[in-house]
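Below is one structure, written out as structure tokens, with a few remarks after it.
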Amino acid sequence: MGLLTIGAFARAARLTPKALRLYDEIGLLPPAAVDPESGYRLYEPGQLERARLIASLRRIGMPLAEIRQVCGLDAEAAAGAVDAYWQRVAADTAARGRLATLLVDLLSGRDTTMSEIELRYAVRCEAGAVRETNEDAAYAGERLLAVADGMRGPGGAAASAAAIDVLRPLESADVPAADLLGLLADAVADADRIVRGSAVGDHQPVTTLTALLRSGTRLAVVHVGDTRAYVLRGGELSQLTQDHTYVQSLVDQGRLGREEADAHPQRALLVRALGAGGKHVEADLALRTAVAGDRYLLCSDGLSAVLDRPALHDALGAAAGPDEAVQRLVDLVYAAGAPDNVACVVADVVAAGAAPQV
């Protein structure tokens, strides 16, 4: 069979000539030849398999940059890449669905428990047993909980403190729950600009940041880096954030198992942080509903990298209140050598007016 015109090839591949011209321009699917007189693009029948793969990937919404990578893989690796992409899409769709449900409740007036809870909290931030300086920072209040972990030398402490300081005014911001995410996003953008502006010569400090901001029973979560947020609900401990590290990206792609990741020498290498790379930081944002009985933990990796999930669960579950919980956690870290700075915030969600725990 000879060469196919762009129209015939488009029909066979279930693409449009316009799409084929685009794929040629970006080097994704160049034609086999171009007629020197008419300028018509001509394709070989053997290119149909690649064209149909591209068409299928576009139908599931995969960006062209990722399609280029998939097309360069062998069949098994390509299948893994498509599966990883679709898992991300499914997780993002589920998160958007939960947010949409919350917003529908807010806008329709079905949210009737806006002021029936309050937070009881405790905070600790220490240098640990090895480090001479403390680059972690933490804050806890009735509306705002936050932990930051600075790095890259002396400027790290100033970076983490600056990130927390930008968020502090949100403690007194009485805003509707529907505005929480926008408020946090704006504050994180401001923090990112301040941290970037603190560079001295070639030295650019960076910091992670994980925070919760409450309005009534709604909690907005913002996260950048490898500080973490957990919730203990009904006896089950769940991690609310995903580390923005090189190793976690390998886990997400299915190239590394969880146990391998925990022991990987580059497990602390960040791919996202305030002040790092690019023109602005991309923060993870989520909205959830707080329930009386929840116990939240925010912490730096000086805690989460030292204590495994069962240890966190046991310490949080056994403590009577937040003060005892942070004490148990810090004691366990020191018993394990406390090789890094450690910051943690524990907050209990209780019914408004409930008697303090003793």
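Read-outs throughout are calculated quantities, based only on the coordinates presented, and are distinct from any laboratory measurement. Predicted model, so just to flag it, every value in this text is computed and none were measured. Every residue, glycine among them, receives a Cβ derived from its backbone with ideal geometry; neighbour counts consider all protein chains shown.
Check each of the trypsin sites (Lys or Arg not before Pro) in region 273-316 and keep only those in coil by DSSP with at most 16 other C-beta atoms within 10 angstrom; list them in order.
Qualifying residues, ordered by number: Lys279.
Just the Cα atoms of region 4-72: what Rg and Dmax do they give in Å?
Rg then Dmax for region 4-72, in Å: 11.5, 37.
Would you mind putting 310-323, 125-138, 14-27, 200-213 in packing order, based on average other-beta-carbon counts within 10 Å, highest first?
Answer by packing, highest mean first, reads 200-213, 125-138, 310-323, 14-27.
Set Lys and Arg Cβ to +1 and Asp and Glu Cβ to -1, take the dipole of the chain about its Cα centre, and tell me which of Ala162, Pro17, Val200 lies farthest positive.
Going by the charge dipole, the pick is Pro17.
Kindly express, to the nearest 10 degrees and within the range 0 to 90, the angle between helix 155-167's C-alpha long axis and the longest C-alpha principal axis of the chain.
The helix 155-167 is inclined about 80 degrees to the chain.
What is the Cα centroid distance between region 305-358 and region 13-74, reported in whole angstrom?
With region 305-358 and region 13-74 each reduced to a Cα centre, they are spaced 55 Å.
Going by alpha carbons, how many degrees (0 to 90, nearest 10) lie between the helix axis of 75-108 and the longest principal axis of the chain?
Here the helix axis deviates by roughly 50 degrees.
Return one quarter of the surface area of the convex hull spanned by the alpha-carbon atoms of the chain, equal to its mean projected area, in nm².
That works out to 23.3 nm², a quarter of the Cα hull's surface.
Helix 322-335 versus the longest principal axis of the chain: what angle, 0 to 90°, nearest 10, using Cα atoms?
Helix 322-335 and the main axis of the chain meet at about 70 degrees.
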